[in-house]
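Reading through the C-alpha cells given below for one structure.
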Amino acid sequence: HASIVDGCRLSRAETAVVPHADPEAVRKTLRGHEGRKLAVTDSVFSVDGDAAPLAALAAVCRAEGAALLVDDAHGLGVLGAGGRGALDAAGLAGDADVVATLTLSKSLGSQGGAVLGPARVIDHLVNTARTFIFDTGLAPAAVGAALGGLRLLRREPERALRARTVATALYEGLTAAGLTAVRPDAAVVSVRAPSADAAVRWAADCRTAGMAVGCFRPPSVPDGISRLRLTARADLTDEQVARAVETVRRTAPRS
C-alpha cells in the first residue's frame, strides 16, 4: 500500500522491495543485510484481496533476526476468531517481535488508525514519532464510532465469517457470469477490466445503477491492470449479493 511506501521513505532506512508474497525472497534479502532489520507487509493486499503468508514470513524473520510489521487494514473485522484480524488467524497475535498497524476506517466504519505491539514499541512511538506527536488527535466522534464498531463485533463475532461468505459468493457469481475475478482471502473482491478507460466507465455505470464500487487503474496499480474492487459486507443479504453480481455483469464493458 502507498502508506507503507511513504512510511519506509520517512524512516530513512535502507529499503529493499521483494517479489509479491514471497517468504524465500524476504529471507534472501534479510540475509544480505546487517544490523537492525524489519520486514513490512500488508496482511491482505488491497488491490486483489489476496492474503500474505504471515506465518511463513514470521518464521523467516525470526530465523534472520528481524522483526515483522503487518498492516492489517483489510484483516481486522474479517479474519481471525470473531474478526480479531490476520495476526490472530496466523497465530501471531501478541508475539513480541510482531507489530500491527490497522485502520479504523474499514470494518469499524470510522477514521484514523492504531498501532498494536509490545509496550516498549508503543512507548517509543508515543515519545519519538513525529507523525504522531505533531498531529492532531482523533476527534471524539471518530473514537466513539470505532469503539462502537469493536463492541458490535464483540457482541456479534459471526459478522466476520458472514463478510467472508459474502465475498466468496460475489466471487463465485462474478466468475460464473464470465468475468475475471480473484478469489478473495478476506472481504476484497477484485474484477479485472480490459483497460483504464473501461474501468472508469464501468464503475460509473455501476454507480448509475445504484451500486458503489472502487476503481483501480494506473498509476495506482503497479502491474498496469485496471480493476473494479468490490467490498463485501456482513449485512448484505443473499438477494443483494445476487443483485450486485447482476449489476456488475450487466454493466461490464464489451471489450
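Just so it is clear, none of the values below were taken in a lab; they were calculated from the coordinates. Note that the coordinates shown come from a computational prediction; the quantities given were computed from them, not determined experimentally. Counting neighbours? That spans all protein chains shown, and the Cβs are built from the backbone with ideal geometry, glycine included.
The slack between THR168 and ARG243, meaning 0.36 nm per residue of separation minus the straight C-alpha distance, is 25.5 nm.
Ordering of 42-52, 56-66, 120-130 by packing is 42-52, 56-66, 120-130, highest average first (other Cβ atoms within 10 Å, averaged per residue). Taking ARG183, ARG227, ARG201 as the candidate residues, the one with maximal mean-square fluctuation in a Gaussian network model of the chain, Cα springs under 10 Å, is ARG201.
Its convex hull of Cα atoms gives the range 164-211 a direction-averaged projected area, equal to a quarter of the hull surface, of 3.5 nm². Taking only the alpha carbons of the range 127-254, we obtain Rg and Dmax values of 17.8, 55 Å in that order. Calculated [222 nm] ellipticity per residue, helices only, for the chain: -13000 deg cm²/dmol; basis is -39500 (n - 2.57) per DSSP H run with n ≥ 4, divided by all residues, nearest 500. Once the mean of 1/r is taken over each pair of separate Cα atoms and inverted, the chain shows a Kirkwood hydrodynamic radius of 19.6 Å.
Note: relative contact order over the chain, using C-alpha pairs below 8 Å and six or more positions apart, is 16 percent.
Packing here is the average count of other Cβ atoms within 10 Å per residue, and on that basis the peptides 239-251, 23-35, highest first, run 239-251, 23-35.
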